[in-house]
Amino acid sequence: MTVSELAEKMELEVFCLGDPEHGIDSAYCGDLLSWVMGRAEMDNVWFTIMSNQNVAAVAVMTDLSCIVLTEGVKPDEQLLERAKTEGLNLLGTSLSTYRAAAAFAKLEDSPE
Amino acid sequence: MQDIVFRSEVDGNDYQRAGEASRHTKSALKRLGLPPEIIRRVGVCMYEGEINMVIHADGGTATLTVGIDKIVIELKDHGPGIPDIDLAMQEGWSTANTEAQTLGFGAGMGLPNMKRSSDEFKIDTVVGEGTTVTMTIYIK
């Protein structure tokens, strides 16, 4: 599944789609940035409520496929700017992190 | 091949811009054509180091040396030093301030992440003088 497919299937709000064809491999949920750096894996979707520009740095350093801001959180101006500069995928949903991850897991398990 | 050296100054007062040196280094390593997993590990080591220097040491210097078979990252600061390295290496232990925590840092994972992401990891620290963290990542 690509990020653009994920955005469509989960009806995510698109803040920035710098690399829409980036492939997805599983997901990680977390708001403590160092914890995410240490545990998230390459090409993961990252569900978080953190919305400052350090989120972009973590996504770049960890090679994540996309950031999904949950709970209706909007990116702050610097994060949006940084995501555009770095060519990141920055999306959003009104779902809670739990609900968003559960929806993603369902998609992951469903046949193509 | 001669070693390639990248050196960056880390600004100690800017949480928002922390990570600039790591990002530039990562781009440079991509241009050198190194394997993505190696670049990722270097990125984690450098970014965590940069964040630590901003939170605890009022900045410092990051030096990255790319050789034919390994990458060596040296992070040097003139901060307060680490009184108890064993404690500092424990996951979850942190002395970060509230500002850092509000931004999502201070989980007490920085040094453990750096150790996990490198093949060799060394801390030289003197209380009141500063800390140098040296990490080696082998290019297999």
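Give me the residue from segment B:36-64 that is among the acidic types (Asp, Glu) and under 12 Å from the mean Cα position of the chain (by Cα) and, out of that set, farthest from residue B:114 (Cα to Cα). It would help to see each step written out before you state the result.
We begin by selecting, within segment B:36-64, every residue among the acidic types (Asp, Glu); these are B:37, B:48, B:50, B:58.
Narrowing the set further to residues that are under 12 Å from the mean Cα position of the chain (by Cα) leaves B:48, B:50.
Numbers: B:48: 7, B:50: 11 Å.
This residue is B:50.
Which helices (runs of 4 or more DSSP H) does segment A:1-64 wholly contain that include 2 or more residues that are under 12 Å from the mean Cα position of the chain (by Cα)?
A:3-9, A:54-62
For segment A:14-63, enumerate the residues that are acidic (Asp, Glu) and touching a Phe, Trp or Tyr at 6+ places or on another chain (Cβ under 9 Å). Full working, then the answer.
Let us first name the residues in segment A:14-63 that are acidic (Asp, Glu), namely A:19, A:21, A:25, A:31, A:41, A:43, A:63.
Result: A:41, single match.
May I ask you to list the residues in segment A:26-35 that are more than 7 Å from every other protein chain (Cβ to nearest Cβ) and either more than 18 Å from residue B:36 (Cβ to Cβ) or of a type in the set (Asp, Glu) (or both)? Lay out the reasoning, then the answer.
First, pick out the residues of segment A:26-35 that are more than 7 Å from every other protein chain (Cβ to nearest Cβ): A:26-30.
Passing the criteria: A:27, A:29, A:30.
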I'm checking my understanding of the structure. Among residues of segment B:26-35 that are small (Gly, Ala, Ser) and open to solvent by 30 Å² or more (accessible area, probe 1.4 Å), which one is farthest from the chain's Cα centre (by Cα)?
B:33
Within segment B:6-25, residues being more than 7 Å from every other protein chain (Cβ to nearest Cβ) and either assigned to a helix (DSSP H, G or I) or loosely packed, with under 13 Cβ neighbours inside 10 Å (or both) number 8
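Looking only at segment A:36-54, count how many residues are among the aliphatic types (A, V, I, L, M) and away from chain B (no Cβ under 13 Å). Before you say what the answer is, go through the steps one by one.
Initially, segment A:36-54 is screened for residues among the aliphatic types (A, V, I, L, M), giving A:36-37, A:40, A:42, A:45, A:49-50.
So of that shortlist, the ones also away from chain B (no Cβ under 13 Å) come out as A:45.
Residues meeting the conditions: 1.
Among the listed residues A:58, A:68, identify the single one that is among the β-branched types (Val, Ile, Thr), under 21 Å from residue B:117 (Cβ atoms) and buried (at least 23 other Cβ atoms within 10 Å of the Cβ). Explain how you work it out, then say what you get.
Numbers: A:68 fails: under 21 Å from residue B:117 (Cβ atoms).
Going through A:58, A:68 in turn, the sole match is A:58.
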Please state which of the following conditions residue B:38 fails to meet, knowing it meets all the rest: (1) β-branched (Val, Ile, Thr); (2) open to solvent by less than 10 Å² (accessible area, probe 1.4 Å); (3) within 12 Å of chain A (Cβ to nearest Cβ).
(2)
Could you tell me whether segment B:128-139 includes any residue that is out of contact with any Asp or Glu (no Cβ under 7 Å at 6 or more places or on another chain), more than 21 Å from residue A:35 (Cβ to Cβ) and of a type outside the set (S, T, N, Q)?
yes
The correct count of residues that are more than 9 Å from chain A (Cβ to nearest Cβ) and open to solvent by less than 20 Å² (accessible area, probe 1.4 Å) in segment B:89-110 is 2
Which residues, taken from segment A:10-39, are open to solvent by less than 40 Å² (accessible area, probe 1.4 Å), within 18 Å of residue B:107 (Cβ to Cβ) and modelled with pLDDT of 95 or more?
A:30
Look at residue A:85 and say whether it is within 13 Å of chain B (Cβ to nearest Cβ), loosely packed, with under 15 Cβ neighbours inside 10 Å and among the polar types (S, T, N, Q).
yes
Unique match (being in contact with a Leu (Cβ under 7 Å, 6 or more places away or on another chain) and modelled with pLDDT under 95) among A:89, A:52
A:52
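The values are calculated or read from the model by the stated rules, or taken from the named source; none is laboratory data. Keep in mind that this is a model prediction, so the values were computed, not measured. Ideal geometry is used to build each Cβ from the backbone, glycine not excepted, and the neighbour counts take in all protein chains shown. To get the accessible areas, we keep the full protein, side chains included, count just its heavy atoms, and leave off ligands, DNA and RNA. Shrake-Rupley method; radii C 1.70, N 1.55, O 1.52, S 1.80 Å.
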